[in-house]
Amino acid sequence: MNKEVATKEIDVIGLIRKVAKEWKTLLLFVSIAAVIGLIVAFTMPKEYTSKVVLAPEVTSMGGSMLGGLGELVQSFGYDIGNSTSVDAIYPDIYPNIFSSTDFVMGLLDAPLQLSTGGTKISYQSHLMETASPGLIERLRLWVSSFSQKKKETSALQDSPFFIPKQKYALCNAIRKKILCTVDKKTSLITISVTDRDPLAAAILADTLQSRLQKYIMEYRTKKARIDYDYYVKLLKESKRKYERSRRQYASFVDSNQGVFLQSYRQKQEELENEMQLQYNIYSKLVMQVQSAQAKIQERLPAFTILETPKMPIEASSTPRSFVLLLFLFLGVVLDGIWVCIVKNLVCK
């Protein structure tokens, strides 16, 4: 057993000596790898990551979530429902919202301020002009814009389902820069943004968390807002009917003072009943509007910001020194493969 171990050690040492003996080849491989590593390291832009941590309110939808306000409305004799239902948009699917095309396209118009100063620009302008995309990204955007001019007809552009190729390429680039993760144990939401400008990354992270909250709020209150608008419309119509019946009653009474005919009393009673009916409908609709308004307020989700976005100081991208060391190691490995394997095969 000891002989086998010794043999293996001698073999490793022998390989190292064989590579070291060919020091000129090693120097050549290492020099080429160093040059390539320096080119890659200095052409690779620095990227900065800013993040924000949120703690959402997780609750079921329904009348039970109204709490004391719901009890106050129900005390007037109006049932706003006690059944509960599971919220269709829960924290686990927030990352899917971030990857949706509609949500990402809405970020193109987001205003940004760069750390270099100057006026505010849109995120789309930042990606196209000041972000200095790499060669592959530039080539892809150029090809997409060139093909767009040729293939995209006016008929397609008028379609609501049409997305220009250039904008589609920008959306794909944005998806790689934004990230939303949810801790399943604590339900904490972490939103991170990576950008080549640290201030732009912090501003965009704050924009993302505010737009996510707005998106969730609009979803959670959509049904209640529709009901509220409907009841407000009915209330306005009922108010017009009540005021019209009240004017008719007052006009009839004023124009028939001192008349004691039975037909007059019957007509007066009919107008009075109609006015009272319209008033009762109007009063109930007032309560319905208040109930719908209470639902909107109570269904607004609460988000607690545990960590606000900050302008990062250190870059989150791979350090240039690490890239250079990686290429130097790769040069040594390639030299060993050449000396120990490839060179012998070539000679044979």
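A short reminder: the numbers here are calculations on the coordinates, not readings from a lab. Not measured: the values here are computed from a predicted model. So basically every Cβ, Gly included, is an ideal-geometry build from the backbone, and we count neighbours across all protein chains shown.
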| said: Whole-Hz ³J(HN,Hα) for each residue in region 234-251, computed from phi via Karplus 6.51 cos²θ - 1.76 cosθ + 1.60 with θ = phi - 60°, x for glycine and proline: what do you get? | reply: 5, 5, 5, 5, 5, 5, 5, 5, 5, 5, 5, 5, 5, 5, 5, 5, 5, 5
| remark: In nanometres, the difference between 0.36 nm per residue of separation and the alpha-carbon distance of LEU28 and SER210 is 60.1 nm
| note | Per residue convex hull volume, Cα only, region 225-298, in Å³ is 64
| request: Report ³J(HN,Hα) in whole Hz for each residue of region 109-121, in order, from the Karplus equation J = 6.51 cos²θ - 1.76 cosθ + 1.60 where θ = phi - 60°; Gly and Pro get x. | output: 8, 5, x, 10, 10, 8, 5, 7, x, x, 7, 6, 10
| field | Least to most buried among SER316, SER210, SER255 (fewest other Cβ within 10 Å first) | value | SER255, SER210, SER316
| said: Could you give each residue of region 225-231 its phi-based ³J(HN,Hα) in whole Hz, using Karplus coefficients 6.51, -1.76, 1.60 with θ = phi - 60°, and x for Gly or Pro? | reply: 5, 5, 4, 4, 4, 5, 5
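What net charge is computed for the residues neighbouring SER316, neighbours being all others with C-beta under 15 Å from the C-beta of SER316, Lys and Arg scored +1, Asp and Glu -1?
Spelling it out: positives minus negatives among the neighbours equals +3.
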| task | Grab the Cα-Cα distance for GLN297 and ALA55, subtract it from 0.36 nm times how many residues apart they are, and report the gain in nm with one decimal. | result | 85.2 nm
| note | Which of LYS177/LYS223; LYS51/LYS185; LYS24/LYS46 exceed 27 Å between C-alpha atoms? The answer is LYS177/LYS223; LYS24/LYS46
| request: Add +1 for every Lys or Arg and -1 for every Asp or Glu among the other residues with Cβ under 12 Å from the Cβ of LYS236, and state the total. | output: +1
| note | Contour minus Cα-Cα span, ARG175 to ALA315, at 0.36 nm per residue, comes to 48.4 nm
| query | Projected onto the charge dipole of region 193-253 (+1 at Lys/Arg Cβ, -1 at Asp/Glu Cβ, origin at the Cα centre), which of TYR231, TYR249, PRO198 gives the Cα projection farthest towards the positive end? | reply | TYR249
| said: Less than 20 Å from a label point 7 Å out along the Cα-to-Cβ axis of GLN268: which backbone N atoms in region 225-250 qualify, by residue? | reply: 245-250
| query | On the first, second and third principal axes, largest extent first, how far apart are the outermost C-alpha atoms of region 199-348 in Å? | reply | 132, 38, 20
| Could you give the nm distance between label points at ARG240 and GLN276, where each point is 7 Å from its Cα heading toward the beta carbon? | 2.7
| note | Summing +1 per Lys or Arg and -1 per Asp or Glu among the other residues with Cβ less than 12 Å from GLU307's Cβ gives +1
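Quick check on packing: order 266-272, 240-246 by the mean number of other C-beta atoms within 10 Å, highest mean leading.
Details: 266-272: 13.3, 240-246: 15.7.
Packing proxy ranking, top to bottom: 240-246, 266-272.
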| Sequence of ILE97, ILE39 once ranked by neighbouring C-beta atoms within 10 Å, starting from the fewest | ILE39, ILE97
| note | For ASP229, ASP195, ascending order of other Cβ atoms within 10 Å (fewest first) is ASP229, ASP195
